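One structure is given below, encoded as structure tokens.
The values are calculated or read from the model by the stated rules, or taken from the named source; none is laboratory data. Please read these numbers as outputs of a predicted model, since none were measured by experiment. Virtual Cβ from ideal backbone geometry, glycine too; neighbours counted across all protein chains shown. The area values use the complete protein model at the heavy-atom level, side chains included, leaving out ligands, DNA and RNA. Shrake-Rupley method; radii C 1.70, N 1.55, O 1.52, S 1.80 Å.
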Amino acid sequence: MNFKRFGRPAAIAFVAVIALSSCAANEGDTASTGDGAESTLTGTLNAGGASSQGAAQEAWAAAFQIANPDVTINYDPSGSGAGREAFIAGGSGFAGSDSYLSEEELAGEFGACAPDTLAVDLPVYISPIAVIFNVEGVDELNLDADTLASIFNGTITNWNDAAIVALNPDATLPDLAIAAVHRSDDSGTTENFTDYLAQASTTWGEEASDTFPFGGEGAQGTSGVVSAVTNGVGTIGYADASQVNDLSTVALKVGDEFVAYTPEAAAEVVAGSPLVEGRAADDLALDLNRQTTNPEEYPLVLVSYAIVCNEYADAEQGELVNAYVTYMASEAGQAVAEESAGIAPLSAELSENVASILATVK
Amino acid sequence: MSTDTIIRPITNSLTAGKLPKRSPLWILLASWVVAGAVFLVLQVTEVADGFNVIGTIVFGTVIYLIAIYLLSRMVEGARQAKDRLMTALVASAFIISLVPLGSIIITTVTNGLPAFLTPSFFNSSMRNVVGEGGGVLHAITGTLLVTGMATLISVPIGLLSAIYLTEYGTGRLARAITFFVDVMTGIPSIVAGLFAFALFALLFNDPGIRFGFGGSIALAVLMIPVVVRSSEEMLKLVPNELREAAYALGVPKWLTIMKVVLPTSVAGIVTGVMLSIARVIGETAPLLIIAGFTASMNYDLFSERMMTLPVFVYNQYVSQGVDSQAYVDRAWAGALTLILIVMVLNLAARLIARIFSPKFGR
Amino acid sequence: MTTTVAATTIKARQRPGDRVFSTATVVSGSLILAVLAAVALFLLVESLPAFVAEADAFSGETNNFMEYVGPLVFGTVWAAILALLMAVPVAIGIALFISHFAPRKLAQGLGYLIDLLAAVPSVVFGLWGITVLAPLVRPFYVTLTEWFGWFPLFEGPVSGTGRTILTVAVVLAVMILPIITAICREIFLQTPLLHEEAALALGATRWEMISMAVLPFGRPGIISASMLGLGRALGETMAVAMVLSPSAEVIFQLLTAENPTTIAANIALNFPEAHGVGVNILLATGLILFLVTLVVNMIARVIINSRKAFSGAN
């Protein structure tokens, strides 16, 4: 054996191990040296659920951990269904979910909650869903719900179809096959998109569901749809508005006008929507008004909830969840998420509602 | 190699009946030129659109295959012609495989380098990081610990089983193991994760269990069959003469295996182990389920969530914030880091194999 | 002294070392069986509710579990076979190139280069598949449907994004290439030198030497390696999920927007949002994948055993 030959790599490996075993530069107790006397919260809060909330939860967790240096927040963006399952089984502090708890789920037990208490849905995350397209030579596109539904259920297959041309007299639409891209995974985005088409159009012909009911191109996740639309030819798809990047987006017909998505218009339609009937008074599940004719409102939105217990079996966890979710729904929290995750902030009224319910959570 | 034989009537010169020494090279170049010329003609006459380099090389190579076969057949005879054809085919198989390899490496390096070169990438975790910045120290630590533990579990088990299969086993147990190890290679990674999760959730009665060791178990389930299968093949190749020689000298069986069989096949076994590590180190789905997701450091395999590199890459790709470029950059840089880690491990393993393997033969 | 002692040693005297060692090997072998039994049991228990699930538990027009899983089994096997068809010849070619054609000094470096491919995580293969490969092959697919559209496999309409089953098969082929290559290479290198030299001495060309000495010797190894690759291709999750544009039908066309999806990818796509009996259904498809692997391996075993005469090892 030649030790000169092995000596160098060994030394490099040794140094690397030393470097790696040291603490991360951005961690440690630096934050507590400031005026951290206010925060008494400690512990780890594990939660999980909707991947749509992933980016926002990252931003919230970061801000919350800076304010409360002894707290660690872990949010698994594992999916709404998995998040609700874990929460019901008692495996997480709260669940993020794109759909509110079903009657069936409310009838059962909640593992993390005190015995015989229920959980409530609190809207904390509103995001417009943008319809994105990639057609050479076309920058703006107007569509109504009927045409959009026909494109996605495969009735309209070419970009120069009369229905599209009628809505876009100024655009030069090419003779090109339409590749309509949907989410291949089950998702809340698909559920909200199909819900909009089912309610607002006459041509969709299916119920709202989190599985896309027709054929066509499928792609995994928001990022998958965005990259399929970007890299494809003659593509159209739907995605969380924050991920749209440079792609052109469709303006939807609301009433007599074409409305492009904006956070304000999205928040507006949520503010104008009634609560789901027949649920507990402190449950803020929303029945979104997709058929709105008010051009101030953009009806294609996704509302994601934080599902929390009314009363936690573990009081310490209750305190932690309360503090964190209160922060999420607060004006400051919404502003942070708007900046880093592109959400539409809750209206002041809804925000207050959520806060008043959270005040009773323990 | 100068093993060519001449079956035709012997002429005076030693080089008669053979193509000139450099002829394959010239024929190849000529074929490319011909293919390029054809493409140019097509372009000029506007039959097909566009001169294209890939097409030229592909068609040129096909022309070369035909040309070398025919030429060699005319000059050297059918057997030599076949030999030349197969040589060309084998070489092109190798080149073909280099194309995707090159493409993947180039894509990863060009996309990953910007974030990879930021100083914070290797000394920070993602705790309290929103948007740009942050690092993968937590994920690197997690990947090394989780995969290291998985290797510690599966290599002894796998290697001993392979030894059993080749050296001891003859009966029903051996046949059962061989067969079911094959079946084990088909366990989808996500099922391994679910299995580990169900196992530990049951053992510890904690429905929300997430810890690094669980991830190691899931990976070990995936790793063991690869280790067994590859080491079994390598052990089988050890000539029986070596074993018999050892027995004849009165060496006990276990010492024969330790001192003769294993060292003889160590290079192959190490290759197999490295393959199995490479197979599992990039697994995302099982780790997402059982090892979880966190932005903070965790050195303890047995408590709390632990981040790993593939989960990091996946998460950065899936839940992008508004500043999506920063997330995508980090995803690619994470992938680059993962590849580099496996490369270093591979190099280290080869060194070890060279130290232990006997100095004879090739 | 000599005769008696020799007699007893020949009668396989069990040394403590021997006993410990052989027990250890038996224990680890059995441990594997135990783990596998545990996984199978877990899958079986979890999937029981799926077999009796009501029709409305399934999405779309499927009414029972068998209808649901049928197209998935087809997609899984179809994608894996396509990948294997592409990967095995190339892998054998590479392994031969490294072991018998490339200059000795270069060979190790080249082998290392291919091993590098094994190091690429499947997420990266997925990313590469959608961002690089799919847009690259799409124009090629368009030409293929134009010229060979009459051939059933290449029927149009061609996919608008290039994310078809053929693209997935290419990605899978690239993923399993290093596994098959590495094992074939090691085995080809172990071909008895005497066999090779004998063939050459008899005047064989290099290819004749390979086809007479190296390939027959390596055949069981090639099959073993291919099966390891097949296992990987059957069970691959992330890359398929990210690249494929799936649908739940049996479709033979390689280039259209709708493609049969694989079991593992289907689990990955639908698990996050699954709840209640949906989870059981997905796990039951996992059990089916298990059975598919079982059958595929059985077939391969039969093939290997029928060729045992060719095995050069020992």
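What does the charge count around A:GLU296 come to, taking other residues whose C-beta lies under 10 Å from its C-beta (Lys +1, Arg +1, Asp -1, Glu -1)?
Result for the local shell: -4.
Filter the GluC sites (Glu not before Pro) in segment B:33-133 down to the DSSP loop ones having no more than 16 other Cβ atoms within 10 Å, then list what survives.
B:GLU46, B:GLU132
In Å², what does the accessible area per residue of chain B work out to with a 1.4 Å probe?
Accessible area per residue, chain B: 43 Å².
Long-range amide H contacts for A:LEU286: which residues qualify at under 5 Å (H placed 1.01 Å from N, peptide plane, sequence gap of 5 or more or a different chain)?
A:VAL276
Amide H of A:TYR238: which non-local residues (sequence gap of 5 or more, or other chain) have their own amide H closer than 5 Å, using H built in the peptide plane?
For A:TYR238, the qualifying residues are A:ILE132.
Could you work out the Kirkwood radius for segment C:27-67, taking every pair of different alpha carbons, averaging 1/r and inverting it, reported in Å?
For segment C:27-67, inverting the mean 1/r across all distinct Cα pairs yields 12.2 Å.
With charges set only on the Cβ (+1 for Lys and Arg, -1 for Asp and Glu), what does the dipole of chain A come to about its Cα centre, in debye to the nearest 20?
Result for chain A is approximately 1680 debye, rounded to the nearest 20.
Per residue, how much space in cubic angstrom lies within the convex hull of the C-alpha atoms of segment B:141-239?
105
In debye, nearest 20: dipole of the protein assembly as shown around its Cα centre with unit charges on the Cβ of K, R (+) and D, E (-)?
Charge dipole of the protein assembly as shown: 9460 debye, to the nearest 20.
Can you give me the angle between helix A:331-341 and the longest principal axis of chain A, using Cα atoms only, in degrees from 0 to 90, rounded to the nearest 10?
Helix A:331-341 sits roughly 70 degrees off the main axis of chain A.
Using Stokes-Einstein with the Kirkwood hydrodynamic radius over Cα pairs, what translational diffusion coefficient do you get for segment A:219-326 at 20 °C and a viscosity of 1.002 mPa s, in µm²/s rounded to a whole number?
Rounded, D is 127 µm²/s.
What FRET efficiency, computed as 1/(1 + (r/R0)^6) with R0 = 35 Å and r the Cβ-Cβ distance, is obtained for B:TRP26 and C:LEU85, rounded to the nearest 0.05?
Taking R0 as 35 Å, the efficiency between B:TRP26 and C:LEU85 is 0.55.
Two decimals is fine: what is log10 I(q)/I(0) at q = 0.08 Å⁻¹ for segment C:161-314, from a Debye sum with one equal scatterer on every Cα and no solvent?
Per q value, in the given order, log10 I(q)/I(0) is -0.36.
Excluding ligands, DNA and RNA, what is the solvent-accessible area per residue of segment A:255-339 at a probe of 1.4 Å, expressed in Å²?
43
Run the quick spin-label model on A:THR117 and A:LEU275: label points 7 Å from Cα toward the beta carbon, then report their separation in nm to one decimal.
1.8
Regarding segment A:52-211, what's the average projected area of the Cα-atom convex hull, expressed in nm²?
About 12.5 nm², averaged over all directions.
What does the convex hull of the alpha-carbon atoms of chain C project to on average, in nm²?
Convex hull of Cα atoms, orientation-averaged projection: 24.3 nm².
Which of the GluC sites (Glu not before Pro) across segment A:51-143 are loop residues per DSSP, with 10 or fewer other Cβ within 10 Å?
Answer in residue order: A:GLU136.
Go through segment B:163-169 residue by residue and turn each phi into a ³J(HN,Hα) via Karplus (6.51, -1.76, 1.60, θ = phi - 60°); whole Hz please, and just put x for glycine and proline.
4, 4, 5, 8, 9, 10, x
At 7 Å along Cα-to-Cβ for each site, give me the label-to-label distance between A:THR42 and A:GLU316 in nm.
About 0.8 nm separates the two model spin labels.
Calculate, for C:VAL250 and C:ARG301, the FRET efficiency according to 1/(1 + (r/R0)^6) with r their C-beta to C-beta distance and R0 22 Å; round to the nearest 0.05.
Efficiency for this residue pair is about 0.20.
By the scheme Lys and Arg +1, Asp and Glu -1, what is the net charge of all other residues having a beta-carbon under 13 Å from that of B:LEU160?
Once positives and negatives cancel, what remains is -2.
Hey, what's the per residue convex hull volume over the C-alpha atoms of segment B:79-190, in cubic angstrom?
Value for segment B:79-190: 221 Å³ per residue.
Can you run phi through the Karplus equation (6.51, -1.76, 1.60; θ = phi - 60°) for segment C:62-79 and list ³J(HN,Hα) in whole Hz, with x for Gly and Pro?
Whole-Hz 3J(HN,Hα) from phi for segment C:62-79: 7, 10, 9, 4, 5, 5, 5, 8, x, x, 5, 4, 4, x, 4, 5, 4, 4.
In debye, nearest 20, what is the charge dipole magnitude of segment B:210-362 about its Cα centre with +1 on Lys and Arg Cβ and -1 on Asp and Glu Cβ, if you could check?
560
Could you compute the FRET efficiency for B:ALA176 and C:HIS195, with r as their C-beta to C-beta distance and R0 at 35 Å, rounded to 0.05?
Calculated transfer efficiency: 0.55.
Hey, what do the phi angles of segment A:152-168 turn into as Karplus ³J(HN,Hα) couplings, whole Hz, using 6.51/-1.76/1.60 and θ = phi - 60°, x for Gly and Pro?
Here the 3J(HN,Hα) series is 7, 8, x, 7, 9, 10, 10, 5, 9, 4, 4, 4, 6, 4, 4, 7, 10 Hz.
What area, in nm² and to one decimal, does the C-alpha convex hull of chain A cast on average over all directions?
That works out to 24.5 nm², a quarter of the Cα hull's surface.
Averaged over peptide A:89-101, how many Cβ atoms belonging to another chain are found within 10 Å of each residue's Cβ?
For peptide A:89-101, the averaged partner shielding equals 2.
Restricting the calculation to Cα positions, tell me the Rg (one decimal) and the Dmax (whole number) of the protein assembly as shown in Å.
Both quantities, over Cα of the protein assembly as shown: 31.0, 112 Å.
Charges on Cβ only, +1 for Lys and Arg, -1 for Asp and Glu, centred on the Cα centroid of segment C:77-311; of C:VAL170, C:PHE97, C:ALA119, which one is farthest towards the dipole's positive end?
Checked the options; the winner is C:PHE97.
Skipping prolines and chain starts, which residues have an amide H placed within reach, meaning under 5 Å, of the one on A:THR72, given they are 5 or more residues away or on another chain?
Result for A:THR72 returns A:GLY43, A:THR44, A:LEU45.
Round to the nearest 10 and give me the degree value, 0 to 90, for the angle of helix A:54-67's Cα axis relative to the longest principal axis of chain A.
Its long axis makes an angle of about 30 degrees.
Binning at 5 angstrom from zero up to the longest distance, how are the C-alpha pair distances of segment B:137-356 distributed in percent?
Going out from 0 Å in 5 Å bins, segment B:137-356 shows 1, 7, 13, 16, 16, 14, 11, 9, 6, 4, 2, 1, 0, 0, 0 percent.
Hey, got the average number of other protein chain Cβ atoms within 10 angstrom for residues in B:95-106?
The per-residue average across the peptide is 6.
Roughly what would the spin-label model give for B:PHE302 and B:LEU242, points 7 Å off Cα along C-beta, in nm?
Here the answer is 3.9 nm between the modelled labels.
Using a Gaussian network model of chain B whose springs link C-alpha atoms within less than 10 Å, name the residue from B:LEU101, B:LEU19, B:LEU309 with the highest mean-square fluctuation.
It is B:LEU19.
Looking at the P(r) of segment A:129-265, how many percent of alpha-carbon pairs lie beyond 26 Å?
12
Which order do the peptides C:252-265, A:302-315 take when ranked by the mean count of other beta-carbon atoms within 10 Å per residue, highest first?
With the highest mean Cβ count within 10 Å placed first, the list reads C:252-265, A:302-315.
Rounded to the nearest 500, what is the 222 nm mean residue ellipticity of chain A from helices alone, with -39500 (n - 2.57) per DSSP H run of 4+ residues and division by all residues?
My calculation for chain A gives -11000 deg cm²/dmol from helical runs alone.
How much net charge surrounds A:LEU101 when only the other residues with a Cβ under 10 Å from the Cβ of A:LEU101 are counted, with Lys and Arg +1 and Asp and Glu -1?
Charge balance near A:LEU101 sits at -3.
Is the shape of segment B:23-109 best called rounded, prolate or oblate, per the rule: a/c under 1.5 gives rounded, else a/b larger than b/c gives prolate, else oblate, with a ≥ b ≥ c the square roots of the Cα gyration tensor eigenvalues?
Oblate is the answer for segment B:23-109, as a/c is 1.5 or above yet b/c matches or exceeds a/b.
Which of these, B:ALA333, B:ALA81, B:ALA220, has the largest mean-square fluctuation under a Gaussian network model of chain B (Cα springs below 10 Å)?
Of B:ALA333, B:ALA81, B:ALA220, the Gaussian network model singles out B:ALA81 as fluctuating most.
With springs connecting C-alpha atoms under 10 Å apart, model chain B as a Gaussian network and identify which of B:PHE180, B:PHE59, B:PHE312 has the largest mean-square fluctuation.
Its mean-square fluctuation being the largest, the pick is B:PHE59.
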